[in-house]
Amino acid sequence: MEMLITRKAEFSASHRCYNPQLSEAENRALYGESADSRGHGHNYVVEVTLVGVPDPVTGMIFDLKRLKDIINREVVDPMDHRYLNYEVKPFDTVIPTPENIAREVWKRLEPQLRFQNAKLHAVRLYETEDLYVDYSGEGE
Amino acid sequence: MTRLTRRYTFSASHRLHTAAMTDEENAELYGKCNNPFGHGHNYVLEVSVRGPVDAESGRVVSIGELDAYVKREVICRLDHKYMNHDVPDFAGLVPTSENLSVVVEKRLRRSWSDSFGTALLDAVRVQETKRNLFELRDL
């Protein structure tokens, strides 16, 4: 029987949502305060959900300590206390909206989480308590 | 698949009572929620939107437009209201959170496609208290 298992991690980072191809007024209308020139920060929360079948010997879908290490290596260490637009690729060219950050977290984690009895199911990224994005790969 | 969820709050009162049952049956069925003068909750509403991420904006939906739409269609109509008396949607309908979720979904649905194009309404979640949550999903 397949089950879902979720691990949570946090990182604090700054970002600015601004598309240089649009006018100041268009950026303001689209992103509101997030377009302000010096950027601002959030305490991001990322929830990483695996789907899998518990191993009959260990009783585990996946070793959560290993999952924590992978999340830290691929996501938290590179992004924590960074200005995403300037310091974390691909956000020099990709606008760091929560939609795009969620997809980037997926892209970093998915190749590391392909196992016989477990794989990445979804990434949930909270920008604030009132706004979060779920991403589960391309397609429906 | 990308899904964006936004969280809103509103405060409202209600009384659970159906004219289809006797007073005793109502008291038995709804317990404290049947008390005659009603009572209130700080409701939390989550609205999920599913769709492609626009290449230019990096967004599934404009947060500003979503906020304005949800506030106009739902929050303004419910916040600080006695739902049984002040909200016409509940004429003849018991304002359980199941029914509230359906009313909210209908309100949001009304002119959704005119406002948001390819971004689809994916789920509506109503939290009545920290201990109960009502969810309409795969809409």
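The values are calculated or read from the model by the stated rules, or taken from the named source; none is laboratory data. Computed from a prediction, not measured in an experiment: that's the story for all the values here. Neighbour counts run over all protein chains shown; Cβ positions are idealised from the backbone, glycine included.
Cβ-Cβ distances below 9 Å connect the following pairs, each with a first residue in region B:1-16 that is facing another protein chain (nearest Cβ under 8 Å), a second residue that is among the polar types (S, T, N, Q), and a separation of six or more residues or different chains: B:Met1/A:Ser136; B:Thr2/A:Ser136; B:Arg3/A:Ser136; B:Arg3/B:Ser48; B:Leu4/B:Ser48; B:Thr5/B:Ser48; B:Arg6/B:Ser48; B:Arg7/A:Thr128.
Out of B:Val60, B:Val53, one residue alone is within 9 Å of chain A (Cβ to nearest Cβ), touching a Pro at 6+ places or on another chain (Cβ under 9 Å), aliphatic (A, V, I, L, M) and touching a residue at least 24 places away in the same chain (Cβ under 8 Å). It is B:Val60. Among residues belonging to region A:115-140 that are out of contact with any strand residue (DSSP E or B) (no Cβ under 6 Å at 6 or more places or on another chain), at pLDDT below 95 and not acidic (Asp, Glu), point out the one that is surrounded by the most Cβ atoms within 10 Å (Cβ to Cβ). Checked region A:115-140; the qualifying residue surrounded by the most Cβ atoms within 10 Å (Cβ to Cβ) is A:Gly137. Filtered by the rule that a residue be of a type in the set (A, V, I, L, M, F, W, C) and part of a helix (DSSP H, G or I), region A:105-140 gives A:Val105, A:Trp106, A:Leu109.
Would you tally the residues in region A:103-122 being touching an Asp or Glu at 6+ places or on another chain (Cβ under 7 Å) and either at the interface with chain B (Cβ under 10 Å from one of its Cβ atoms) or without any contact (Cβ under 8 Å) to a residue 24 or more places away in the chain (or both)?
The initial filter retains those residues of region A:103-122 that are touching an Asp or Glu at 6+ places or on another chain (Cβ under 7 Å), namely A:108-109, A:112, A:117, A:120, A:122.
Then keep just the ones that are either at the interface with chain B (Cβ under 10 Å from one of its Cβ atoms) or without any contact (Cβ under 8 Å) to a residue 24 or more places away in the chain (or both); that gives A:122.
Adding up the residues that qualify gives 1.
Any residue at all in region A:44-53 that's within 14 Å of another protein chain (Cβ to nearest Cβ) and free of Cβ contacts under 8 Å to residues at least 24 places away in the same chain? Give the steps one after another, and end with the answer.
Keep residues of region A:44-53 that are within 14 Å of another protein chain (Cβ to nearest Cβ), which gives A:45, A:47, A:49.
Next cut, free of Cβ contacts under 8 Å to residues at least 24 places away in the same chain only: none.
No, every residue in region A:44-53 fails to be within 14 Å of another protein chain (Cβ to nearest Cβ) and free of Cβ contacts under 8 Å to residues at least 24 places away in the same chain.
For B:Tyr43, state whether it is more than 26 Å from B:Thr118 (Cβ to Cβ), of a type in the set (Ser, Thr, Tyr), at pLDDT 95 or above and under 15 Å from the mean Cα position of the chain (by Cα). Here the answer is yes, as B:Tyr43 does meet what is asked. The residue of region A:72-102 that is farthest from B:Val49 (Cα to Cα), among those that are within 11 Å of chain B (Cβ to nearest Cβ) and in a helix (DSSP H, G or I), is A:Ile101.
When every residue of region B:40-63 is checked against the conditions, none turns out to be on the phi < 0 side of the Ramachandran plot, small (Gly, Ala, Ser), assigned to a helix (DSSP H, G or I) and crowded, with 18+ Cβ neighbours inside 10 Å. If the condition is being under 20 Å from B:Tyr43 (Cα atoms), within 14 Å of chain A (Cβ to nearest Cβ) and touching a residue at least 12 places away in the same chain (Cβ under 8 Å), then region B:63-84 contributes B:Leu66, B:Asp67, B:Val70, B:Lys71, B:Ile75.
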